[in-house]
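Student: My structure is below; once you've seen it, I'll send some questions.
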Amino acid sequence: MKVTIVGAGNVGATCADVISYRGIASEVVLLDIKQGFAEGKALDIMQCATDTGFNTRVVGVTNDYSKTANSDVVVVTSGIPRKPGMTREELIGINAGIVKSVVENILEYSPETIIIVVSNPMDTMTYLTLKSTGLPKNRIIGMGGILDSSRFRTYLSLALDKPANDVSGMVIGGHGDTTMIPLTRLASYNGIPVSQFLSEETLQKVAADTMVGGATLTGLLGTSAWYAPGASVAFLVDSILNDQKRMIACSVYVEGEYGQNDICIGVPCIIGKNGVEEILDIQLNDKEKALFAKSADAVRAMNDALKTILA
Ligand SMILES: NC(=O)C1=CN([C@@H]2O[C@H](COP(=O)(O)OP(=O)(O)OC[C@H]3O[C@@H](n4cnc5c(N)ncnc54)[C@H](O)[C@@H]3O)[C@@H](O)[C@H]2O)C=CC1
Ligand SMILES: O=C([O-])CC(=O)C(=O)O
């Protein structure tokens with residue numbers, strides 16, 4: 001199985017690294033516009049093969065889309081990341097043009113591929129990919145909810161002082177500092193509601209920390225995060241290529257689910273060999289419904305901005 005990752009920067013290269021050492025794909029192509037950059041990252045990753053014991057072939061190319069031909073999955077991480085103090089939404093002006101041209105090039109050589117959109121503002125970049133390519137909605141997946149859910153589970157595990165793998169929890173809604181919705185009511189510690197162990201005040205702090213999880217890391221690192229984002233993308237790729245049908249919060253095109261239409265937004269999905277195989281329209285309470293509607297409004301407003309940016 002072949003995976004192409006466009007953008008060999010922090011997230012793209014980390015994703016290639018995780019896919020390789022976990023043996024998720026037989027071939028990974030890293031593509032970047034910076035001369036020699038993807039080639040260098042690919043070679044560095046390949047030189048881990050003997051010490052970590054993988055056999056994935058990692059190839060780096062400078063803007064040569066012919067090398068990406070017949071990819072089963074393409075991950076789009078090209079574009080600029082935010083700096084401390086910025087929101088993801090502020091990246092739209094530069095990233096919209098990049099994402100649009102990248103997906104056009106990709107489809108020329110891999111018309112049947114499934115596309116995972118990572119570049120920010122991710123929900124809007126996913127919507128742009130869907131609208132500009134006209135691909136069926138099952139083949140366009142925005143990565144954000146899985147990362148936000150990982151952060152949620154991490155903060156819950158720290159509050160519980162228990163391993164994160166014993167904690168379940170999901171974040172839905174937009175992938176923005178104010179638009180994501182950590183579902184604290186449904187989070188559990190091995191099936192037991194976390195509210196049996198943590199106070200309401202602690203749960204509210206966990207939710208607030210989760211929402212600004214990306215901003216906190218950007219403040220600490222000077223650019224946005226890459227280890228967890230790269231691992232999250234690899235998890236998604238694994239579920240597609242190995243038809244695992246994992247339930248993963250992804251930004252996908254909704255048609256009536258959660259009372260919304262004509263936007264891409266984070267909702268629980270079944271992800272398998274056909275991409276988005278099902279959207280789970282779970283029952284939310286009134287407060288969660290109101291938060292979802294507000295989040296959808298914000299995502300829709302960002303999508304509207306595309307009209308002037310790409311005019
Ligand atoms: N959806 C999510 O959960 C996350 C999204 N992101 C987003 O992912 C994007 C990438 O982040 P990083 O890897 O940290 O940035 P980075 O700056 O390390 O890497 C981006 C790479 O894209 C390349 N690039 C730019 N234009 C290109 C083009 N037209 N064709 C091919 N390559 C091109 C650059 O040369 C650079 O190497 C950002 O927009 C960031 O906000 C980052 C983390 C999580
Ligand atoms: O925070 C950012 O700008 C990058 C991102 O989307 C994340 O790490 O969640």
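Student: Using the structure shown, decide if residue 169 is within 16 Å of ligand 1 (Cβ to nearest atom), within 25 Å of residue 227 (Cβ to Cβ) and at pLDDT 95 or above. Can you show your working first?
Tutor: Values: within 16 Å of ligand 1 (Cβ to nearest atom): no; within 25 Å of residue 227 (Cβ to Cβ): yes; at pLDDT 95 or above: yes.
It is false that residue 169 is within 16 Å of ligand 1 (Cβ to nearest atom), within 25 Å of residue 227 (Cβ to Cβ) and at pLDDT 95 or above.
Student: Please note which helices (runs of 4 or more DSSP H) are completely contained in the range 1-95 and include at least 2 residues that are among the acidic types (Asp, Glu), at pLDDT 95 or above and at negative phi. Let's see the steps before the verdict.
Tutor: Details: elements: 10-21, 37-46, 49-52.
Once the helices (runs of 4 or more DSSP H) in the range 1-95 are filtered for at least 2 residues that are among the acidic types (Asp, Glu), at pLDDT 95 or above and at negative phi, what remains is 37-46.
Student: Return yes or no: is residue 102 within 8 Å of ligand 1 (Cβ to nearest atom), over 17 Å from residue 302 (Cα atoms) and either open to solvent by less than 10 Å² (accessible area, probe 1.4 Å) or modelled with pLDDT of 95 or more (or both)?
Tutor: On the way: within 8 Å of ligand 1 (Cβ to nearest atom): yes; over 17 Å from residue 302 (Cα atoms): yes; either open to solvent by less than 10 Å² (accessible area, probe 1.4 Å) or modelled with pLDDT of 95 or more (or both): yes.
Yes: the conditions hold for residue 102.
Student: Select from the range 198-240 the residues that are more than 16 Å from ligand 1 (Cβ to nearest atom), touching a helix residue (DSSP H, G or I) at 6+ places or on another chain (Cβ under 9 Å) and within 30 Å of residue 71 (Cα to Cα) and list them in ascending order.
Tutor: Correct list: 238 only.
Student: Something else now. Scan 275, 256, 266 and give me the residue that is at positive phi and touching a residue at least 40 places away in the same chain (Cβ under 8 Å). Step through it out loud before you land on a result.
Tutor: Numbers: 256 fails: touching a residue at least 40 places away in the same chain (Cβ under 8 Å); 266 fails: at positive phi.
Answer to the selection: 275.
Student: For residues in the range 151-178 being part of a strand (DSSP E or B) and either more than 16 Å from ligand 2 (Cβ to nearest atom) or aliphatic (A, V, I, L, M) (or both), which is most open to solvent (accessible area, probe 1.4 Å)?
Tutor: So in the range 151-178, the residues part of a strand (DSSP E or B) come out as 167-168, 171-173.
Now narrow it down to the ones that are either more than 16 Å from ligand 2 (Cβ to nearest atom) or aliphatic (A, V, I, L, M) (or both): 167-168, 171-172.
Details: 167: 1, 168: 63, 171: 3, 172: 2 Å².
Looking at the filtered set, the residue picked out is 168.
Student: Of all residues in the range 154-177, count the ones that are among the acidic types (Asp, Glu) and free of Cβ contacts under 8 Å to residues at least 40 places away in the same chain.
Tutor: Looking only at that region, the number is 2.
Student: Can you tell me which residue among 148, 123 is of a type in the set (D, E, K, R), within 12 Å of ligand 2 (Cβ to nearest atom), farther than 21 Å from residue 262 by Cβ and assigned to a helix (DSSP H, G or I)?
Tutor: On the way: 123 fails: farther than 21 Å from residue 262 by Cβ.
Exactly one residue qualifies, and that residue is 148.
Student: Within the range 72-91, which residues are among the β-branched types (Val, Ile, Thr), open to solvent by 10 Å² or more (accessible area, probe 1.4 Å) and either over 16 Å from the mean Cα position of the chain (by Cα) or more than 16 Å from ligand 2 (Cβ to nearest atom) (or both)? Before the answer, list the steps.
Tutor: Of the residues in the range 72-91, the ones among the β-branched types (Val, Ile, Thr) are 73-77, 80, 87.
Narrowing further to those that are open to solvent by 10 Å² or more (accessible area, probe 1.4 Å): 77, 80, 87.
Correct list: 87 only.
Student: What number goes with the only condition from (1) outside the structural domain of residue 164 (by the TED database); (2) at pLDDT 95 or above; (3) among the small types (Gly, Ala, Ser) that residue 311 does not pass?
Tutor: In the conditions (1) outside the structural domain of residue 164 (by the TED database); (2) at pLDDT 95 or above; (3) among the small types (Gly, Ala, Ser), residue 311 misses (2) alone.
Student: Okay, moving on. So, in the range 133-144, exactly how many residues are open to solvent by 10 Å² or more (accessible area, probe 1.4 Å) and either among the acidic types (Asp, Glu) or outside any loop (DSSP other than H, G, I, E, B) (or both)? Give the steps one after another, and end with the answer.
Tutor: Filtering the range 133-144 for residues open to solvent by 10 Å² or more (accessible area, probe 1.4 Å) gives 133-139.
From what's left, either among the acidic types (Asp, Glu) or outside any loop (DSSP other than H, G, I, E, B) (or both): 133, 137-139.
So the count comes out to 4.
Student: Next question. Residue 181 passes all but one of (1) open to solvent by 20 Å² or more (accessible area, probe 1.4 Å); (2) in contact with a Phe, Trp or Tyr (Cβ under 7 Å, 6 or more places away or on another chain); which number fails?
Tutor: (1)
Student: Also, I was wondering about something else. List, please: which pairs have Cβ atoms under 6 Å, are six or more places apart or on different chains, and start with a residue in the range 197-221 that is farther than 14 Å from residue 178 by Cβ and end with one that is charged (D, E, K, R)?
Tutor: That search, which allows pairs on different chains as well, returns 218/82.
Student: Can you find a residue in the range 211-233 that is open to solvent by less than 40 Å² (accessible area, probe 1.4 Å), in contact with a strand residue (DSSP E or B) (Cβ under 6 Å, 6 or more places away or on another chain) and closer than 21 Å to residue 141 by Cα? Full working, then the answer.
Tutor: In the first step, residues of the range 211-233 are kept if they are open to solvent by less than 40 Å² (accessible area, probe 1.4 Å); the result is 213-215, 218, 222-225, 229-230, 232-233.
Still in the running and in contact with a strand residue (DSSP E or B) (Cβ under 6 Å, 6 or more places away or on another chain): 233.
Imposing the further condition that a residue be closer than 21 Å to residue 141 by Cα reduces the set to 233.
Scanning the range 211-233, I find at least one residue that is open to solvent by less than 40 Å² (accessible area, probe 1.4 Å), in contact with a strand residue (DSSP E or B) (Cβ under 6 Å, 6 or more places away or on another chain) and closer than 21 Å to residue 141 by Cα, so the answer is yes.
The values are calculated or read from the model by the stated rules, or taken from the named source; none is laboratory data. Note that the structure is predicted; figures quoted are calculated from it, not measured. Reconstructed Cβ throughout: ideal geometry from the backbone, glycine too, with neighbour counts over all protein chains shown. These accessible areas exclude ligands, DNA and RNA; they are computed on the full protein's heavy atoms, side chains included. Shrake-Rupley method; radii C 1.70, N 1.55, O 1.52, S 1.80 Å.
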